[in-house]
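See structure below.
Any read-out appearing in this document is the output of simple, stated calculations on the displayed coordinates, not a laboratory observation. This is a predicted model, so every value here is computed, not measured. Heads up, the Cβs are rebuilt from the backbone with ideal geometry, glycines too, and the neighbour counts pull from every protein chain shown.
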Amino acid sequence: MAPLATREYWAKLMKNADGTPNRNFVPHIGGQNVAFRDGHSKFFNVDSFLAKCPTAAQYGNVPVPSSENMAWTVSSAPTWSQPWPFWNLQ
């Protein structure tokens, strides 16, 4: 199983059409706290977070959902063109 990690998906949620942060999704000074498996957390502004996400093309041209999703189904497992350690895609 692979995470829904595409930059296009997250940008659609985190940014308004004019490129400003979507305050409904990232209400705290244009970013969010991310919790890691080892227990630490870190603040990422929207652009820093998106830079850690592969594009759909880098993620095997997977379809980008049109709305926020908790589950994601694709016909074949995504493949990626380089490591994306933030998403544990090695």
Correct choice for Rg/Rh (Cα atoms, Kirkwood Rh) that was computed from the model, options (1) 0.96; (2) 0.93; (3) 1.00:
(1)
At K52 and D38, where each label point lies 7 Å from the Cα along Cα→Cβ, what is the point-to-point distance in nanometres?
1.2 nm
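What's the exposure ranking of Y9, Y59, going from fewest to most Cβ atoms within 10 Å?
Details: Y9 22, Y59 25.
Ascending number of Cβ neighbours within 10 Å: Y9, Y59.
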Not counting the cut sites, what is the longest span of the chain without trypsin sites (Lys or Arg not before Pro) that DSSP labels loop and that have at most 11 other Cβ atoms within 10 Å?
38-90
